[in-house]
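Quick notes on the structure that follows.
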Amino acid sequence: MTNITEEAKRLMDEYQADRKISAKGKPLFIAVCGSHYFGYPSAKSDIDVRGVYLAPTENLLRLRKKVKEPTISQRKGNLDLEIDELGHFLSLVAHSNGSRFEWVNSPLLISASDEYQNLQNLVNTAGVSRRLINYYLNFSRNQQHKPIETTKRDFHTIRGYLTGIALAETGRLVFDMRELSTMFDYDEAKKIAESKQTGKPQAENQEKLAELIRNLDARLVAGIEKSGLPETPDIQKINNFLVRIRQAS
């Protein structure tokens with residue numbers, strides 16, 4: 001474990017998060033995500049813990065009012081925990097929700113079951129499509145409607161664009177801003193990332209920033225048109241995986 005995963009595990013133990021997850025089902029993976037994964041965390045950054053658990057199939061078959069197993073959420077201190085039940089997680093993957101692709105690809109693993117690698121492979125093959133690129137286009141555009149409080153908004157705008165461009169142009173899922181900055185040499189993007197980490201916003205040239213965002217938007221739109229990825233996720237393959245896991249549990 002790295003220092004950040006060890007600290008996340010300590011906080012989970014302190015707040016008895018493991019007990020809460022185990023009471024609901026079998027954890028498939030738990031990882032640190034957010035800024036510690038994307039790169040450039042600040043001193044004020046929460047520790048975002050994300051993951052997936054598998055509810056017992058019996059729970060989904062018995063007679064009751066509420067069939068859907070919930071997402072487990074807990075926020076205490078600087079621990080921000082969110083663990084999806086597998087069915088909900090795969091539904092979001094099937095709807096090209098980029099955050100779930102980020103969760104399952106975080107290298108900052110706290111724990112992983114025997115099924116984790118199969119789940120990651122499923123998401124990274126059957127889940128990847130042009131709709132996922134569109135998710136990042138819309139994500140970045142929506143970020144710009146948020147109020148300007150810190151450089152965090154601009155950081156996530158640029159991160160979203162670069163993640164989408166990487167997927168459109170190379171077919172790779174890249175979520176780490178440090179790697180993205182190496183792949184795409186945009187000076188303003190590097191300045192925004194460094195500013196977020198220090199917590200000391202730089203006197204940004206708003207015209208240069210606006211020009212960068214326009215260029216990234218146009219590049220991503222063009223990338224979507226040229227992408228050779230399938231139009232939509234492979235829903236049948238995702239569903240087959242879920243059924244197999246349910247039947248085996």
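We did not get these values from a lab; they are worked out from the coordinates using the rules stated. What you see is a predicted model; the values in this text were computed from it and never measured. Quick reminder, even Gly has a Cβ in these numbers, built from the backbone with ideal geometry, and neighbours come from all protein chains shown.
Here are some notes:
- Least to most buried among His145, His156, His88 (fewest other Cβ within 10 Å first): His145, His88, His156
- The helix-based estimate of mean residue ellipticity at 222 nm for the chain, built from -39,500 (n - 2.57) per DSSP H run of four or more residues and divided by its residue count, is -17500 deg cm²/dmol to the nearest 500.
- Inter-label distance, Gln247 to Lys26: 1.6 nm, where each label sits 7 Å from its Cα along the C-beta direction.
- For Cys33, the residues 5 or more places off, or on other chains, whose built amide H falls under 5 Å of its own are Asp48, Val49, Arg50.
- Packing-based exposure ordering (other Cβ within 10 Å, fewest first) of Glu115, Glu211, Glu169: Glu211, Glu169, Glu115
- Centre-to-centre, using Cα atoms only, segment 79-130 and segment 1-31 are separated by 17 Å.
- Ranked for footprinting exposure by Cβ neighbours inside 10 Å, fewest first, Met177, Met183 give Met183, Met177.
- GNM result for the chain, Cα springs below 10 Å: residue of Leu60, Leu92, Leu108 fluctuating most strongly: Leu60
- Built amide H within the under 5 Å cut-off of Tyr53, gap 5+: Leu28, Asp84, Glu85, Leu86
- In a fully extended conformation the segment linking Asn138 and Ser113 would gain 5.7 nm over its present Cα-Cα distance, using 0.36 nm per residue.
- The chain - share of DSSP beta bridges that are antiparallel (%, nearest 5): 70 percent
- Under the criterion of Cα pairs below 8 Å and six or more residues apart, the relative contact order for the chain equals 22 percent.
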